[in-house]
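Reviewing the structure listed below.
The values are calculated or read from the model by the stated rules, or taken from the named source; none is laboratory data. None of the values given here were measured: they were computed from a predicted structure. All Cβ positions, glycine included, derive from the backbone under ideal geometry; neighbour counts span all protein chains shown. Remember, those area values only see protein heavy atoms, side chains included, never the ligands or the DNA or RNA. Shrake-Rupley method; radii C 1.70, N 1.55, O 1.52, S 1.80 Å.
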Amino acid sequence: MRLLLVEDDKKIALFVKSGLKEAGFAVDHVTDGEDGLHLALTEPYDIVVMDLMLPKIDGLTIIKAMRNNAINTPVLILSAKRSVGERVEGLNAGSDDYLIKPFALSELLARVQALIRRASSVISPSNLTVADLTLNIHTRKVYRSGKEINLQPLEFSLLEYLMRNAGRVVSKTMIMEHVWDYNFNPQTNVVEARICYLREKIDKNFDTALIHTVRGVGYVLQEET
């Protein structure tokens, strides 16, 4: 999952970014509203975490611009503004949730996951299943044919993205945009390498392969017919 964090407080940003990366998110972080607006309007994100009081352009203006441009990416506001009126203003501007500073990282992660589930319309709030492969978003456990498979955080994020798009071919660029951050070098073969590592764990020693290469296009996770 790819997340945009717009936060000018360095300590808060480091705290949030570290926690989100440990949870498997690819995080793009900017410190002012101008950069935040540019990325929010031009890059594909699964969720945006937004401070309100920002240099150059404030957070409410960014949210309104997103909605005016028909960008429905979920937005979670982080703000020290705590009055009921200020929270209502943030929600009326088009945000999906509002978290008051200071906050617990566990609550932030729970709210982010809830917004992503709601946006993606996942029927099960915790499990993704393709054939005999199951991934639990909350426990971060993966099983195939009842056998637990241990994945590194980046491998888990890659598998989650493939499973959320099961049956749909996703290109290398789409994978890079959602699993790695925007500073990633597209000229490297890291995607191919990670797919190879994931296949070793997901497909090796099982009767059927689930991860398939569509030559010249990308990859698809699906049960063979």
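For the stretch 1-30, which residues satisfy the criterion of being in a helix (DSSP H, G or I), open to solvent by less than 10 Å² (accessible area, probe 1.4 Å) and among the small types (Gly, Ala, Ser)? I'd like the intermediate steps shown before the answer.
Going residue by residue through the stretch 1-30, those that are in a helix (DSSP H, G or I) are 10-22.
Still in the list and also open to solvent by less than 10 Å² (accessible area, probe 1.4 Å): 13, 16, 19-20.
Across the stretch 1-30, the qualifying residues are 13, 19.
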Only one residue in 55, 102 is touching a helix residue (DSSP H, G or I) at 6+ places or on another chain (Cβ under 7 Å) and part of a loop (DSSP other than H, G, I, E, B). Which one?
55
Expected output for the stretch 38-51 (first residue touching a residue at least 24 places away in the same chain (Cβ under 8 Å), partner open to solvent by 50 Å² or more (accessible area, probe 1.4 Å), Cβ below 7 Å, 6+ apart or cross-chain) is 41/69; 43/182; 44/177; 51/8
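On the basis of being in a loop (DSSP other than H, G, I, E, B), surrounded by 16 or more Cβ atoms within 10 Å (Cβ to Cβ) and modelled with pLDDT of 90 or more, does residue 151 make the cut? Spell out the reasoning first.
On the way: in a loop (DSSP other than H, G, I, E, B): yes; surrounded by 16 or more Cβ atoms within 10 Å (Cβ to Cβ): yes; modelled with pLDDT of 90 or more: yes.
Here the answer is yes, as residue 151 does meet what is asked.
Answer yes or no: is there a residue in the stretch 161-169 that is closer than 26 Å to residue 18 by Cβ and either among the aromatic types (Phe, Trp, Tyr) or at pLDDT below 90 (or both). First the steps, then the outcome.
Step one: filter the stretch 161-169 for residues closer than 26 Å to residue 18 by Cβ, giving 161-164.
Those left that are additionally either among the aromatic types (Phe, Trp, Tyr) or at pLDDT below 90 (or both): 161, 164.
Yes: the stretch 161-169 contains one or more residues that are closer than 26 Å to residue 18 by Cβ and either among the aromatic types (Phe, Trp, Tyr) or at pLDDT below 90 (or both).
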Is it true that residue 115 is in contact with a Pro (Cβ under 7 Å, 6 or more places away or on another chain) and either under 23 Å from residue 157 (Cβ atoms) or at pLDDT 90 or above (or both)?
yes
Members of the stretch 31-85 found to be open to solvent by 60 Å² or more (accessible area, probe 1.4 Å) and touching a Ser or Thr at 6+ places or on another chain (Cβ under 9 Å), listed by number
53
Provide a single number: the residues in the stretch 101-118 that are within 22 Å of residue 66 (Cβ to Cβ) and open to solvent by less than 40 Å² (accessible area, probe 1.4 Å).
7
Within the stretch 171-212, restricting to residues that are open to solvent by 80 Å² or more (accessible area, probe 1.4 Å) and among the hydroxyl-bearing types (Ser, Thr, Tyr), the one that is modelled with the highest pLDDT is 197
Consider only pairs whose beta carbons are under 7 Å apart and that are at least six residues apart or on different chains; among these, list those whose first residue lies in the stretch 100-113 and is without any contact (Cβ under 8 Å) to a residue 60 or more places away in the chain and whose second residue is basic (Lys, Arg).
100/82
Please determine whether any residue of the stretch 49-59 is closer than 29 Å to residue 163 by Cβ and either at pLDDT 95 or above or under 17 Å from the mean Cα position of the chain (by Cα) (or both).
yes
